[in-house]
Amino acid sequence: MTDATYDVVALGNAIVDVLSQADDAFLETHALSKGTMTLIDPPTAEQLYGAMGPGVEVSGGSAANTVAGLASFGGKAAFIGKVRDDQLGDVFRHDIRAAGVAFDTPPANDGASTARCLILVTPDAQRTMQTFLGACIELGPEDVDEDLIKKSQVTYLEGYLWDPPRAKEAFVKASKIAGDAGRKVSLSLSDPFCVDRHRAEFVDLVNNHVDILFANEDEIMSLYEVSDFDDALQHVKNHCEIAALTRSEKGSVVIRGDEVHVLDAEPVSQIVDSTGAGDSYAAGFLYGYTHGHDLRTCGRLGGAAAAEIISHFGARPEHPLKDLLAKIVN
């Protein structure tokens with residue numbers, strides 16, 4: 001795949017994150033399910049935003065975080081996602097391009113505003129996300145750049161994108177283009193509730209279209225409706241080429257058929273905020289994969305990137321992730 005212009009092109013929700021610290025009592029008062037992502041409507045977004053404490057606005061979105069992380073490693077990345085021609089849309093466009101990611105999807109000039117995600121971070125570093133998708137739902141198959149997909153080693157798709165109907169069409173189109181071009185397709189399951197909403201379709205995707213699957217422990221067990229992680233491993237190893245499964249403080253497991261790598265979590269001095277940990281793991285893993293490293297090294301790069309992210313507030317790197325390479329790659 002040396003003829004590729006980009007290592008990874010990602011399709012995802014173009015979102016501006018609003019991060020604020022909160023306690024468990026706040027979550028209970030507002031009936032929020034801790035550690036998950038919930039879609040909300042504009043009135044709910046306004047009400048919750050008004051109740052939150054001081055916030056920090058940063059560009060986010062799961063797949064966007066992943067390609068920003070990959071670019072921080074020194075990889076070549078592109079992003080497809082929809083924003084509105086408004087202030088938050090300008091913020092998102094500036095930030096992702098400043099991170100070194102190509103982003104040329106035309107903004108919408110009418111309809112809903114640019115998406116935002118209200119992220120409440122509790123003292124245990126768990127993040128509870130309330131997301132107004134806004135302009136993201138306007139992403140459609142016409143926004144998929146066929147040439148861009150063909151020129152990318154891996155097309156990375158975030159599971160959250162399966163919620164909006166037209167975005168789903170874009171998702172399917174991109175997968176088909178990548179497959180027909182002999183490129184790899186990667187999927188992140190994103191959230192156990194997302195898996196619950198679309199289980200049958202996700203199982204079909206993993207079986208028939210996905211080469212590289214990313215999921216955490218809860219998501220992979222939800223996908224196969226099992227209560228034991230090892231049972232989930234037995235299912236997934238027969239359903240896609242590679243599965244990279246994260247387990248928080250237990251590290252991760254990378255599996256390809258009968259090849260299994262059990263990796264310890266990379267050391268971190270302090271856990272501040274788990275927002276974007278899975279996104280960063282995928283960034284490190286895909287950087288390693290597209291640069292010819294073995295699966296164990298890919299997993300370690302993912303773990304190191306996740307460790308950097310959880311050591312500070314926010315889902316984008318504070319320091320260049322390429323600085324981690326010398327510690328991992330021999």
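Filtering the range 243-282 to residues that are under 15 Å from GLY302 (Cβ atoms), among the β-branched types (Val, Ile, Thr) and crowded, with 20+ Cβ neighbours inside 10 Å leaves THR246, VAL253, VAL254, ILE255. THR66 meets the conditions (1) buried (at least 20 other Cβ atoms within 10 Å of the Cβ); (2) among the β-branched types (Val, Ile, Thr); (3) in a strand (DSSP E or B) in every case but one. The failed one is (3). Got a number for residues in the range 271-323 being in a loop (DSSP other than H, G, I, E, B), more than 18 Å from ALA243 (Cβ to Cβ), of a type outside the set (A, V, I, L, M) and out of contact with any Phe, Trp or Tyr (no Cβ under 7 Å at 6 or more places or on another chain)? The total comes to 14. Looking across the range 38-58, just one residue is closer than 26 Å to GLU219 by Cα and touching a Ser or Thr at 6+ places or on another chain (Cβ under 6 Å), and that is LEU39.
Can you pull out every residue in the range 139-162 that is in contact with a helix residue (DSSP H, G or I) (Cβ under 7 Å, 6 or more places away or on another chain) and charged (D, E, K, R)? Answer for the range 139-162, where residues must be in contact with a helix residue (DSSP H, G or I) (Cβ under 7 Å, 6 or more places away or on another chain) and charged (D, E, K, R): ASP143, GLU146, LYS150, GLU158.
Scanning the range 135-169 for residues that are surrounded by fewer than 24 Cβ atoms within 10 Å (Cβ to Cβ), out of contact with any Leu (no Cβ under 8 Å at 6 or more places or on another chain), under 17 Å from VAL8 (Cβ atoms) and of a type in the set (A, V, I, L, M) yields a total of 1.
Number of residues in the range 92-126 that are of a type in the set (A, V, I, L, M, F, W, C) and either touching an Asp or Glu at 6+ places or on another chain (Cβ under 7 Å) or part of a loop (DSSP other than H, G, I, E, B) (or both) equals 7. Taking the listed residues ASP231, ASP204, the one that is over 16 Å from ALA282 (Cβ atoms), among the acidic types (Asp, Glu), in contact with a Phe, Trp or Tyr (Cβ under 9 Å, 6 or more places away or on another chain) and not in a loop (DSSP other than H, G, I, E, B) is ASP231, with no other qualifying. Here VAL185 fulfils each of the conditions (1) part of a strand (DSSP E or B); (2) touching a residue at least 60 places away in the same chain (Cβ under 8 Å) apart from (2). The listed residues are SER274, SER252, SER248, and the only one of them that is on the phi > 0 side of the Ramachandran plot and touching a helix residue (DSSP H, G or I) at 6+ places or on another chain (Cβ under 9 Å) turns out to be SER248. Scanning the range 1-23 for residues that are surrounded by 15 or more Cβ atoms within 10 Å (Cβ to Cβ) and either part of a helix (DSSP H, G or I) or among the hydroxyl-bearing types (Ser, Thr, Tyr) (or both) gives TYR6, SER20. The residues of the range 183-238 that are more than 18 Å from the chain's Cα centre (by Cα) and acidic (Asp, Glu), listed by number, are GLU201, ASP204, GLU225, ASP228, ASP230, ASP231. The combined condition, being under 30 Å from ALA304 (Cβ atoms), buried (at least 23 other Cβ atoms within 10 Å of the Cβ), in contact (Cβ under 8 Å) with a residue 40 or more places away in the chain and small (Gly, Ala, Ser), is not fulfilled by ALA215.
Residue count for the range 311-326, restricted to those that are closer than 17 Å to TYR289 by Cα and surrounded by fewer than 16 Cβ atoms within 10 Å (Cβ to Cβ): 2.
The residues on offer are ALA243, ALA315, and the sole one that is at pLDDT 95 or above and under 19 Å from the mean Cα position of the chain (by Cα) is ALA243.
The values are calculated or read from the model by the stated rules, or taken from the named source; none is laboratory data. Values in this document were obtained by computation on a predicted structure and should not be read as measured data. In this analysis, Cβ positions are derived from the backbone assuming ideal geometry, glycine residues included, and neighbour counts consider all displayed protein chains.
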